[in-house]
1. Would you mind estimating how fast region 253-397 diffuses translationally, via Stokes-Einstein at 4 °C and 1.567 mPa s with the Kirkwood radius over Cα pairs, in µm²/s?
2. Taking amide H positions as placed in the peptide plane 1.01 Å from N, state which residues far from Val338 in sequence (5 or more) or on other chains have amide H under 5 Å from it.
3. Would you mind computing Rg(Cα) / (2.2 N^0.38 Å) for region 215-302, counting N as its residues?
4. Starting from the alpha-carbon convex hull of the chain, give the projected area averaged over all orientations, in nm².
5. In the chain, how many lysine pairs have Cα atoms under 20 Å apart, counting only pairs 8 or more places apart or on different chains?
6. Would you calculate a helix-derived [θ] at 222 nm for the chain, using -39,500 (n - 2.57) for each DSSP H run of n ≥ 4 and dividing by the full residue count, to the nearest 500?
7. With a Förster radius of 45 Å, plug the Cβ-Cβ distance of Met45 and Ile444 into 1/(1 + (r/R0)^6) and report the FRET value to the nearest 0.05.
8. Only sites in a loop by DSSP and with at most 14 other Cβ atoms within 10 Å count here; which GluC sites (Glu not before Pro) in region 257-349 make the cut?
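What follows is calculated from the coordinates using simple rules that are stated; it is not laboratory data. Source: prediction; values computed, not measured. Because the Cβ atoms are built from the backbone with ideal geometry, glycine has one as well, and the counts that use them run over all protein chains shown.
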Amino acid sequence: MSPWKNNDLTPAQMIMIGFFLLILSGAFFLMLPVATRDHQGASFMDALFTATSATCVTGLVVKDTFSYWSGFGQLVILILIQIGGMGVITVTVVFSVLLKKKIGLKQRLVMQESISAPQTGGIVRLTTFFLKAAFLMEGLGALVLALRFCPKYGFFKGLWFSVFHSISAFCNAGFDLCGTDAPFSSLTAYTADPIINLPVLALITIGGIGFSVWNDIVENGHHFHAWRLQTKIVLFTSAALILLPFLYFYFYEFRCSAWAGMSQAERFWAALFQAVTPRTAGFNSVDLTLLQGPSLMLLILLMLIGGSPGSTAGGFKTTTFAVLFLSVRSVFKKEENVHCFSRRISDELLRRAAAIVTMYLCMFMSFAAVICCMEQFSFTAALFECASAIGTVGLSLGITSSLGPVSRILLILLMYFGRVGGLTMLYAVHTHRQAPFRLPQENIAIG
C-alpha cells in the first residue's frame, strides 16, 4: 500500500516517506551503468549521496556533475532537483489532478503542510498556480542564460546547460555543469558576467521567498497594508539579509589582499552573489577557500538561516530568525508581548522558533565535531560543510569529495533533516497528547 493511501500516516510522516522513497529511487537510477560517463555506474554511497543532495536541493557533490555523470545521469539529477524543490507531495497531487482523481481532506492537509499554506481552502488551485509560476520563471531564466551558453557550447548543449542551471537556481539546488572549465568550479568563470549573474540571482531569490508570499503579492498587488504578516516579515528580513552581507563583502572582504586583482565590477558582482547564494543556492562565483575567517562565519550564519517557509530553500527560515530577533528586541524594550507591523506574535510561535534553532545548532555543531575528529580537516571547514548540508545550501570549501563513508552518512542525514524540516520530523515521530493537568509554576534565575 502506498503511503499516500494509508490513512494511519500523519501529513508529516507522508512527507518524510515521500522524500525517502524519492532518494532511494534516484540512487537506484544513478547506479545504472548508463548514468556515468565510464559506463560503470556509481557506487551505492556515491549514488545515495548525490540523490540525497539533489532531492534535498542541496548541491554538495562527491563527483563533478558534468565530468562524471552522463547525460542520463544529469537528467536524473535534474528531475530529482525539480521534484525535491517543488515538494514530493505537491508534484504527486498535481499528477492526481491531471488524472482527474479526487483529492480528499487528508491529501489537502498534506499539501498544506508541504507548502506551508495558511489554510486548506483552495489548496489545489494554489498548488497548480505555484507550479505554473515556477515553470514560467524557470523558462524565462533558461532563455536569458541561453544568451551566454548557446554561443559558447552550441545550440543544443547550450540549451541543456541553460535549462539545467535555471532549474537548479530556482530550486536553490546549486548543482552546475561548469566542470567543462574545471571540476567543481561552479560559476567562478562568470564572476562579473551580468548575463549569468542576474538571472541566477533572481531565480535564487524568487525561489527562496516562499509560495504563499507569491500568492499574497499576486492577490493584493502593491497594497502593503493588505499583505499578511508573514509576507511583510519575509520580504523585509530577506532584503536585510541580502543588503547587509553585500555591504560587508563589498567594502571589506573583496578589498583584502587576497582579491587584489579584482576590478570594481568584479567586486560588485562577487559581493552581491556571495550575499545571495548562501540562502540557500550553493553556487559560488569566487574561490571560497580564499575568504577571511569572519566571512566564512558570516556565510555559515546565512546558510543556517536559509530561505523562507514553503519555498524551495532550506535552513531554519527567515521567519524563525525574525521572530527570535523580535523577541530579543521586546526583552530589551521591556515589552510584555512580541509584536511586528501592528500585530502580536503568539508565545507558541516563540517556543517553536526557539526549538527549531536549538535543534539546528545542536545537530550542526555536534556533527561537525564528529567529522572534525574523524577527518584531517579544520573545525571551521567541518562547521562550514555541516552548515551547508543542514541548510541545504551546497557551498563547500572543497572537502566533500575527500570525506570518508561515515562523514558522508552524517552529511546525508543533515541534508535530509534540513529539507524535511525540524518540526515536520518532530511531528512525524511524536504524537501530541494533552496533559490532563497543569503542574505548579516556579521561576528560576536566567541570564
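1. The estimated diffusion coefficient comes to 77 µm²/s.
2. Amide H to amide H, under 5 Å and 5 or more residues apart or across chains, Val338 pairs with Ile345.
3. On the way: Rg = 16.0 Å, N = 88, 2.2 N^0.38 = 12.1 Å.
In units of the 2.2 N^0.38 Å rule of thumb, it is 1.32.
4. Details: hull surface 97.6 nm².
Mean projected area of the Cα convex hull: 24.4 nm².
5. 7
6. After summing the helix terms and dividing by the residues of the chain, the value is -20000 deg cm²/dmol.
7. That gives a FRET efficiency of 0.45.
8. Glu335, Glu336
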